[in-house]
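The values are calculated or read from the model by the stated rules, or taken from the named source; none is laboratory data. For clarity, every value in this text was computed on a predicted model and none was experimentally measured. Here the Cβ positions follow ideal geometry from the backbone for every residue, glycine too, while neighbour counts run over all protein chains shown.
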Amino acid sequence: MTKFSANLGFLWTELPLPEAIRAAKAAGFDAVECHWPYDTPPALVIEALAETGLEMLGINTSRGDVAAGENGLSALPRREGDAGGLIDQAIAYAAEIGARAVHVLAGKAQGAAAEAAYIENLSYACRQASAIGATVLIEPLNLRDAPGYFLSTTTHASEIIDKVGASNLKLMFDCYHVQIMEGDLSARLRALAPILGHVQFASVPDRGAPDQGEVNYRHLFNLLDELGYERPLGAEYKPNGATEASLGWMNALRG
């Protein structure tokens with residue numbers, strides 16, 4: 001049976017993180033994940049995870065100076081020190097709460113110098129994550145929602161993973177972003193299965209619940225079952241109203 005993770009960056013955003021974890025359990029999710037938990041004391045997250053029996057699958061590195069338009073620092077030349085600090089922060093928090101993965105945000109940059117910085121920072125992140133048995137994830141973002149973002153295609157992500165050459169560097173395949181940028185989701189999932197670290201989903205084009213829009217998620221989830229992908233799939237969509245009112249898709253797509 002397909003398992004689902006609630007992305008608490010988009011779901012139950014009106015609640016403090018520990019209460020959002022409890023809400024996800026009550027709604028029937030199998031795991032949780034979030035974006036930036038750093039304002040919440042780890043002890044409160046640990047308590048909520050222990051109470052619910054849910055696992056926190058992953059967290060993101062911080063974006064940097066959001067007011068200045070930053071969306072990650074790891075591909076920014078001459079910002080290696082700052083990027084390393086954000087990686088250290090994420091690894092330490094993940095270790096404390098038992099999260100199994102850290103998504104290292106690339107940021108807005110282009111060119112050979114940006115790629116060199118990204119590879120250097122990812123190599124560092126992989127070494128640090130290896131010490132706690134964690135995976136480092138990279139995620140292509142579509143350029144409509146994230147203009148200027150360094151990593152925008154699965155092809156480029158695969159090339160970066162090959163260049164870093166770390167066994168714990170994997171691809172976060174967000175079906176929403178990939179459909180907008182590249183399409184052909186079934187063929188891409190088949191080709192990229194060996195490097196999949198996490199899969200996320202939302203409807204396209206509005207990033208709403210997955211029971212609408214142009215993507216047939218029943219087909220994709222069945223394909224992932226065929227490919228032997230057993231980890232919970234990340235529901236990273238924007239509900240139109242209360243999260244509880246948006247969950248009709250979950251039972252329909254579990255089987």
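Here TYR217 clears all of (1) crowded, with 20+ Cβ neighbours inside 10 Å; (2) among the hydroxyl-bearing types (Ser, Thr, Tyr); (3) over 17 Å from LEU253 (Cα atoms) except the condition numbered (3). For the range 95-117, filtered to residues that are farther than 19 Å from GLU70 by Cα and among the charged types (D, E, K, R), the residue that is farthest from the chain's Cα centre (by Cα) is GLU96.
Going residue by residue through the range 24-37, is there one that turns out to be touching a residue at least 24 places away in the same chain (Cβ under 8 Å), under 30 Å from TRP249 (Cα atoms), more than 19 Å from the chain's Cα centre (by Cα) and crowded, with 18+ Cβ neighbours inside 10 Å? Taking every residue of the range 24-37 in turn, at least one turns out to be touching a residue at least 24 places away in the same chain (Cβ under 8 Å), under 30 Å from TRP249 (Cα atoms), more than 19 Å from the chain's Cα centre (by Cα) and crowded, with 18+ Cβ neighbours inside 10 Å. Inspect all residues belonging to the range 112-120 and state whether any of them is crowded, with 22+ Cβ neighbours inside 10 Å and in contact (Cβ under 8 Å) with a residue 40 or more places away in the chain. The answer is yes; a qualifying residue exists.
The set of residues in the range 45-70 being closer than 19 Å to ASN7 by Cβ and part of a helix (DSSP H, G or I) consists of VAL45, ALA48, LEU49, THR52, VAL66.
Considering only residues of the range 118-155 that are of a type in the set (S, T, N, Q) and not in a loop (DSSP other than H, G, I, E, B), which is nearest to the chain's Cα centre (by Cα)? Of everything passing the filter in the range 118-155, THR135 is nearest to the chain's Cα centre (by Cα).
Could you tell me which residue of the range 162-189 is surrounded by the fewest Cβ atoms within 10 Å (Cβ to Cβ), considering only residues that are among the charged types (D, E, K, R) and over 19 Å from the mean Cα position of the chain (by Cα)? The qualifying residue surrounded by the fewest Cβ atoms within 10 Å (Cβ to Cβ) is ASP162.
Remark: VAL104 falls outside the filter, which requires a residue to be surrounded by 14 or more Cβ atoms within 10 Å (Cβ to Cβ) and touching a Pro at 6+ places or on another chain (Cβ under 9 Å).
Close Cβ contacts (under 6 Å, 6 or more residues apart or on different chains) running from residues in the range 177-188 that are basic (Lys, Arg) to residues that are in a helix (DSSP H, G or I) comprise ARG188/THR154.
Checked against (1) of a type outside the set (Asp, Glu); (2) surrounded by 19 or more Cβ atoms within 10 Å (Cβ to Cβ); (3) in contact (Cβ under 8 Å) with a residue 24 or more places away in the chain, ALA20 passes all but a single condition, namely (3).
Once the range 90-101 is narrowed to residues that are surrounded by 17 or more Cβ atoms within 10 Å (Cβ to Cβ) and closer than 18 Å to LEU8 by Cα, the residue that is modelled with the lowest pLDDT is ARG100. Filtering the range 193-205 to residues that are more than 12 Å from ASP174 (Cβ to Cβ) and touching a residue at least 12 places away in the same chain (Cβ under 8 Å) leaves ALA193, ILE195, SER203, PRO205.
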